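The values are calculated or read from the model by the stated rules, or taken from the named source; none is laboratory data. Predicted model only: the values in this text are computed from it and were never measured. Ideal geometry is used to build each Cβ from the backbone, glycine not excepted, and the neighbour counts take in all protein chains shown.
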Amino acid sequence: MTGRVFHTSDWHLGRQIGRHRRDSEVDAVLDEIIDIAEDYAPDLIVHSGDLFDSARPSLDDMRRAAQALRRLGAIAPVVVVAGNHDTLYVLAFLEYVLNDMGTREGDQIRVRFATDARPDGLLVAEYPTKDGELTLRIGALPYLHPNRFIYPFADPALMTATYAQRMRTVQADVYRRLTAGRSARDVLVFAAHLFVEGATPSYSERKISIDADYAAEPADLPDVAYGALGHIHKPQMVGRAGFPAYYAGSPLQMDFGETGDTKSVVLAEIGPGITPRIELVPLTAGRRLVRLEGTLEEIAQRAGRVGDAWVKAVVDVEAPDPFLPDTLAKMLPQATVVTTIERRAGATSRVLDRETSTRELPDIEDLLREYLPGHGTTGLALDRAMAAFAHLQTEPDPDDPAPCCEETLLTAAIAGQPLDTIDRSSLLPGTDTTAAETTR
């Protein structure tokens, strides 16, 4: 007797790469996920968070999420955990739409959303397996932000405890709810969106969200048959958990920090008293992300192997080349060049020591001239931008107001004039504000 769990995560619908939307490949990878789920015929489908990339997703991405979740819900019941990119109101509206504007009730509801971590709002649900022999019982914990950690702790001291200590208490509460009234036929599943200590992040992850201070300890995860985790984009098993706990990862390489990641979904076959069978099934519908570095000649040697991909090109040049983007486009006809960076020998910024910092601080023109080529402005365009900047610097502003009273006081203080010698009445609006005026 076993139950089957299909685990996907971190779709980040709406995520762009540069200025480019990825609708066609997102649709392709969602179709691939749904096809794998149909073939696997699971008893429960879990999405472990970050359904959207933005707190305010577009209508197209809302429609895309609703259609994909409705198709998955036709295969098996679906539980979606709120991630750190998701918002309660968006998910609540999506749940309302998916349940036919509130007309479905009880067992008819095929897609549920876990948005509340508090004990009285925590999603704990039961789903019988297709053969009726077992019941999959899931406890779903949404993302708890380190700086907005709202939870009714019985011990007030926990309000100022470390994130790991607070998460230990929350997960213990989840486990108590999950095991309350448990029978021998119940198989436990834990779903959560969180960073577990020891997990290997992709280089694209936002550092604040994977800081060691905001990590849950593996040993604190509830002891279940399978843990469906979200938040880390690199698919992997979580070590030291004591049971199979996996990050399913994102379905696409989200940016150039994930170029080495193979994307997947997780198939878990679990049951009481048996060794779980876990399989990571690769996803192949998304376009690869490729980083090319070197001279044009070196990049040309690799160009034939790039094919249909998103490309970030870092090109070693001796002088600015205004035609470099066109050259790369011809060299990589099937690819989309997202970013082109010219890298010139000797143009790298130096770390300033104490001595050089007093003598050789770069001025704003130097900084701007170094900055713009790295963001696509080179050649004649760079020359025009610098000329326009120089013109703006030298042109007087007729609307520039006279110094305000605070600026006058500051000027006087810098000049060493005692502030108690300044006529404060002269600083009122409409009066002459000369710093040299005194009452003595």
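Tabulated data
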{"item": "Of residues in segment 81-107 being among the hydroxyl-bearing types (Ser, Thr, Tyr) and free of Cβ contacts under 8 Å to residues at least 24 places away in the same chain, the one surrounded by the fewest Cβ atoms within 10 Å (Cβ to Cβ)", "result": "103"}
{"item": "Tabulated pairs, segment 143-166, first over 13 Å from residue 117 (Cα atoms), second of a type in the set (Ser, Thr, Tyr) and modelled with pLDDT under 90, C-beta under 7 angstrom, 6+ apart or interchain", "result": "146/214; 163/214"}
{"item": "Looking only at segment 270-287, and only at residues there that are charged (D, E, K, R) and loosely packed, with under 15 Cβ neighbours inside 10 Å, the one that is farthest from residue 226 (Cα to Cα)", "result": "279"}
{"item": "Residues located in segment 263-283, provided they are modelled with pLDDT of 95 or more and β-branched (Val, Ile, Thr)", "result": "265, 266, 270, 278, 281"}
{"item": "Any chance residue 144 is in the same structural domain as residue 87 (by TED's automatic domain parsing), of a type in the set (A, V, I, L, M), over 18 Å from residue 43 (Cα atoms) and assigned to a helix (DSSP H, G or I)", "result": "no"}
{"item": "Matching option when the condition is under 11 Å from residue 199 (Cβ atoms), surrounded by 19 or more Cβ atoms within 10 Å (Cβ to Cβ) and in contact (Cβ under 8 Å) with a residue 40 or more places away in the chain, among 252, 229, 267, 221", "result": "229"}
{"item": "Selection from segment 7-33 of residues that are without any contact (Cβ under 8 Å) to a residue 60 or more places away in the chain, of a type outside the set (D, E, K, R) and closer than 22 Å to residue 282 by Cβ", "result": "13, 24"}
{"item": "Subset of segment 354-383 (residues that are modelled with pLDDT under 70 and not charged (D, E, K, R))", "result": "356, 357, 358, 361, 362"}
{"item": "Which listed residue, of 31, 10, 86, is assigned by TED's automatic domain parsing to the domain that holds residue 255, over 26 Å from residue 149 (Cα atoms) and acidic (Asp, Glu)", "result": "31"}
{"item": "Test set (1) farther than 19 Å from residue 7 by Cβ; (2) touching a strand residue (DSSP E or B) at 6+ places or on another chain (Cβ under 9 Å); (3) among the charged types (D, E, K, R) - residue 269 fails condition number", "result": "(1)"}
{"item": "Strands (runs of 3 or more DSSP E) fully within segment 185-300 counting 1 or more residues that are more than 17 Å from residue 46 (Cβ to Cβ)", "result": "277-282, 288-294"}
{"item": "Looking only at segment 108-124, and only at residues there that are touching a Lys or Arg at 6+ places or on another chain (Cβ under 7 Å) and surrounded by 17 or more Cβ atoms within 10 Å (Cβ to Cβ), the one that is nearest to residue 77 (Cα to Cα)", "result": "123"}
{"item": "Counted residues, segment 229-262 - those being among the aliphatic types (A, V, I, L, M), more than 18 Å from the chain's Cα centre (by Cα) and modelled with pLDDT of 90 or more", "result": "3"}
{"item": "Residue that is nearest to the chain's Cα centre (by Cα) [pool: residues in segment 77-100 that are within 23 Å of residue 195 (Cα to Cα) and among the polar types (S, T, N, Q)]", "result": "84"}
{"item": "Any hit, segment 177-193, residues being surrounded by fewer than 19 Cβ atoms within 10 Å (Cβ to Cβ) and farther than 24 Å from residue 6 by Cα", "result": "yes"}
{"item": "Scan of segment 119-141 for residues that are assigned to a loop (DSSP other than H, G, I, E, B) and either of a type in the set (Gly, Ala, Ser) or touching a helix residue (DSSP H, G or I) at 6+ places or on another chain (Cβ under 9 Å) (or both), ordered by number", "result": "119, 121, 122, 132"}
{"item": "Residue list for segment 32-58, restricted to those being hydrophobic (A, V, I, L, M, F, W, C) and modelled with pLDDT of 95 or more", "result": "33, 34, 36, 37, 41, 44, 45, 46, 51, 52"}
{"item": "Segment 301-310, subset of a type outside the set (A, V, I, L, M) and in a helix (DSSP H, G or I), residue surrounded by the most Cβ atoms within 10 Å (Cβ to Cβ)", "result": "302"}
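The rows are residues; the columns are (1) of a type in the set (D, E, K, R); (2) in contact with a strand residue (DSSP E or B) (Cβ under 7 Å, 6 or more places away or on another chain).
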{"position": "27", "(1), (2)": "yes, no"}
{"position": "38", "(1), (2)": "yes, no"}
{"position": "43", "(1), (2)": "yes, yes"}
{"position": "48", "(1), (2)": "no, yes"}
{"position": "58", "(1), (2)": "no, no"}
{"position": "63", "(1), (2)": "yes, no"}
{"position": "67", "(1), (2)": "no, no"}
{"position": "72", "(1), (2)": "no, yes"}
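The rows are residues; the columns are (1) at pLDDT below 95; (2) of a type in the set (Asp, Glu); (3) surrounded by 15 or more Cβ atoms within 10 Å (Cβ to Cβ).
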residue: 1; (1), (2), (3): yes, no, no
residue: 6; (1), (2), (3): no, no, yes
residue: 10; (1), (2), (3): no, yes, yes
residue: 30; (1), (2), (3): no, no, yes
